[in-house]
1. Give me a count of the residues in the range B:184-196 that are in contact with a Cys (Cβ under 9 Å, 6 or more places away or on another chain) and either more than 7 Å from chain A (Cβ to nearest Cβ) or open to solvent by 50 Å² or more (accessible area, probe 1.4 Å) (or both).
2. Scan the range A:11-31 for residues that are open to solvent by 40 Å² or more (accessible area, probe 1.4 Å) and in contact with a Leu (Cβ under 6 Å, 6 or more places away or on another chain) and jot them down.
3. Filter the range A:69-100 down to the residues that are touching a residue at least 60 places away in the same chain (Cβ under 8 Å) and on the phi > 0 side of the Ramachandran plot and list them by number.
4. In the range B:109-125, what residues are within 15 Å of B:Glu251 (Cα to Cα) and among the polar types (S, T, N, Q)?
5. Sort out for me the helices (runs of 4 or more DSSP H) sitting completely within the range B:1-104 that have 2 or more residues that are open to solvent by 60 Å² or more (accessible area, probe 1.4 Å) and acidic (Asp, Glu).
6. Looking for something in contact with a Gly (Cβ under 7 Å, 6 or more places away or on another chain) and of a type in the set (Ser, Thr, Tyr) - is there at least one such residue anywhere in the range B:153-175?
7. Within the range B:119-152, restricting attention to residues that are part of a helix (DSSP H, G or I) and within 16 Å of B:Thr208 (Cβ to Cβ), which residue is most open to solvent (accessible area, probe 1.4 Å)?
Amino acid sequence: MAGAVIWGAAQAEVAPADVAWGEGNVIAESLSGTPGNAGEGAKIYAEKSLGNCVACHVVSNSDADFQGNVGPSLDGAGSRWTEEQLRAIVADAKHVFPDSVMPSFYKTSGYVRPGEGFTGKPAQEPLKPLLNAQQIEDVVAYLATQKE
Amino acid sequence: LPALAETAPTETPDIVIDGGAVTLPTFADAPAHLEGALGDKIYSGWVFRDAETRAMQEDDFANPSMAFVDQGIEAWNTVDGTEGKSCASCHNEIESMKGVRAVMPKVNAAGELWSMENYINDCRTNRMGAEAWKWSSQPMENMTLAISLQSRGMPVDVAIDGPAKPFWEKGKEIYYTRYGQLELSCANCHQQNYGQMIRADHLSQGQTNGFPVFRINGAGTVSLHERFSGCIRDTRAEPFEQGSQEFRDLELYVASRGNGLPVEGASVRH
């Protein structure tokens, strides 16, 4: 019985507030318990209403047009960073790069005048995180394919 | 890992209007109060726009703002309200407004920080017996455009000391606050990253010397507070009300970052 409960917990999604940060700014454990899908991740990366990472980053082999350069190129990100590091950067970049302009994608509170999406209407915390656990895993899987 | 820094424009041609009838510089020395936050030069948003957009502002006939300026001048001369007066009844020709735009917003006799819109509505309601115009309504934007054009070429010169100081301080605090779920401040985009691309948008320093602007992306004429509102909304935040104390404070602070740039009067942006 006890074993079954532990098994169930290991499968469960990790809520944004429960994310376990490891030594050296990593998130070791999958947030969703389900392996990421790189193909889905590529879509989330480029889609304005999802990750919109392309607003700030260039990936040379991406077919998204108008790639921004507020952040560094992500070519080779999968060689520079481990999956555990990439998960940490995407979930909460400010934890890894203090004062970064990169948004925290797996965070639900602590905002100033948060709005309901792009409507300009006020929103009540906790907000839905910008990406859900599986979407983070998918983006991490996509970045991991970006080898130098 | 260093974040990419701001990049200054590589060329800063003048805005040459109607073959040289009016020539507006597009950069100036950064005001001292910035303490180097924008480097040593400040730039008009015009230099960050594409050739086609730039060209529209170099020809008063092609400049779509001018039709709205004309409507503003017409309203200037039109009697409205219970007192049977027009703006011209008291202020004579609209040329009497020369210099007004360059120093707005400013502290009024009662010690409040007022934008041009406040002065206009004060005259309409208290002196003409007419209805107030909504902050970013078309009649208001027509009038602020027509009045701004009278100062075209004059350097922005808003006061930040004395009675203006507390408003300026508050505006500065707003400028550096990271709003919304994207947690971005004005400074994150327009100070740290001007010259960079955010998706398809070439980030400028977010200067206000061109306002109100005509936006060729279909938005028509856009007031300054409308622009502030859009920029804050895009951080997934709840903007302040247009005309609010917060936005007037912010208007003063942002205008002061552009002290020295010429008023463009009726400008064109993407």
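The values are calculated or read from the model by the stated rules, or taken from the named source; none is laboratory data. Please read all numbers here as calculations on a predicted model, not as lab measurements. Note that we place each Cβ from the backbone using ideal geometry, even for glycine, and neighbour counts take in every protein chain shown. Surface areas here come from the heavy atoms of the whole protein model, side chains and all, with no ligands, DNA or RNA. Shrake-Rupley method; radii C 1.70, N 1.55, O 1.52, S 1.80 Å.
1. Number satisfying all stated conditions: 3.
2. Result: no residue meets the conditions.
3. Residue satisfying the conditions is A:Gly76 alone.
4. B:Ser115, B:Asn118, listed by residue number.
5. Details: elements: B:51-57, B:65-76, B:87-91.
Counting at least 2 such residues, we get B:65-76.
6. For the range B:153-175, residues in contact with a Gly (Cβ under 7 Å, 6 or more places away or on another chain) and of a type in the set (Ser, Thr, Tyr): absent.
7. In this case the residue turns out to be B:Leu149.
So that you can scan it fast, the table gives a plain yes or no per residue for (1) closer than 18 Å to B:Gly243 by Cα; (2) touching a strand residue (DSSP E or B) at 6+ places or on another chain (Cβ under 8 Å); (3) not polar (S, T, N, Q):
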{"site": "B:Trp135", "(1), (2), (3)": "yes, no, yes"}
{"site": "B:Gln138", "(1), (2), (3)": "yes, yes, no"}
{"site": "B:Ala159", "(1), (2), (3)": "no, yes, yes"}
{"site": "B:Lys165", "(1), (2), (3)": "no, no, yes"}
{"site": "B:Ile174", "(1), (2), (3)": "yes, no, yes"}
{"site": "B:Asn193", "(1), (2), (3)": "no, no, no"}
